[in-house]
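The values are calculated or read from the model by the stated rules, or taken from the named source; none is laboratory data. Model, not experiment: these values are computed from the prediction. In this analysis, Cβ positions are derived from the backbone assuming ideal geometry, glycine residues included, and neighbour counts consider all displayed protein chains. Heavy atoms of the whole protein, side chains included, go into the accessibility calculation; ligands, DNA and RNA do not. Shrake-Rupley method; radii C 1.70, N 1.55, O 1.52, S 1.80 Å.
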Amino acid sequence: RVDEAVTAPLTIERAVELAVTRNERSAIADTTVEAAEARVRRARTAFLPRVDISGNLRSDIGNGSERDVSAAALLTQPIFDARAFPLYRQQRFERDAAVLSAADSKRVLGFDAAVSFLTTLSFEQVLRPAVRRRDFAQTNLDDVRARFDAALVSTNDVTRAELELATAVRELAQATGDVQASRVDPENLLKIHVDAPLAPPTALLDAADDAPPAAESSVAEAQARRSDIAARRARVEA
């Protein structure tokens, strides 16, 4: 539920943090881990003792004051159950896979929030020159009309300036609509109203100027670190 608002300039780091902490996808991932932990605890009960307690109350129909109360308790301790070991091991691998999948879901959620942030920021950057172009076109039209009144230019110049202003107004309206529409995605991801301007990620943009290394070791390192690949390995073991 979008029930709060951001008034200070929103940074991309803050956007990712809000998405991971407030979005339902993160909560679903945490709940999945809790369910997997519960299945592990349930599988562990196969090695624990079991106590069954039963009670019985019998009353004489003829004489209600005569009642017999009995109780029994049965303690059962498994000595060896070969089925419990692979089932318990399977649930532990499933739990590990759920933990890794939850981490990957939050990583993807943060990535989606960052992409949505950058998309909205790009539309806002387009909106600024659109406003300046509209203002310049309006100033130019006022100047051309004044010169037309002084018989310095023809009606063609006025028409050209009016057409330029109409084009600038149309592009400004388009840019404004794009900004308003693009803010829907980050608000849905962050579960918060984004009324403040977005702060350009200067460090991220500076780092984007440098080409990433294309070493083969980077591929192996990524395969070893990615939580989604580790989760699939755990499911294969399970």
Looking only at the chain, where both bridge partners belong to it, what percent of the DSSP beta bridges are antiparallel (to the nearest 5)? 75 percent
Tell me, what is the FRET efficiency for THR45 and GLU13 to the nearest 0.05, using R0 = 30 angstrom and their Cβ-Cβ distance as r? 0.10
Would you mind putting 104-117, 150-163 in packing order, based on average other-beta-carbon counts within 10 Å, highest first? 104-117, 150-163
Rounded tilt (10° steps) of 227-237 against the dominant C-alpha axis of the chain: 30 degrees
Over segment 198-238, what lengths in whole Å, largest first, do the semi-axes of the equivalent ellipsoid take, defined as the square roots of 5 times the eigenvalues of the alpha-carbon gyration tensor? 32, 16, 4
As I understand it, the value is the acute angle between the Cα axis of helix 155-182 and the longest principal axis of the Cα atoms of the chain; what does it come to in degrees, rounded to 10? 10 degrees
Which value results for Rg/Rh of segment 1-149 when Rg is the Cα radius of gyration and Rh the Kirkwood radius based on the inverse mean 1/r? 1.49
Please give, to one decimal in nm, the separation of the simple spin-label points placed at TYR88 and THR76, each 7 Å out from Cα toward the Cβ. 1.7 nm
To the nearest 10 degrees, how steep is helix 216-225 against the longest Cα principal axis of the chain, on a 0 to 90 scale? 50 degrees
A 1.4 Å probe over the protein heavy atoms gives segment 192-238 a carbon and sulfur accessible-area percentage of 56 percent
What do the square roots of 5 times the Cα gyration tensor eigenvalues come to for segment 116-238, in whole Å, largest first, as semi-axes of the equivalent ellipsoid? 52, 18, 12
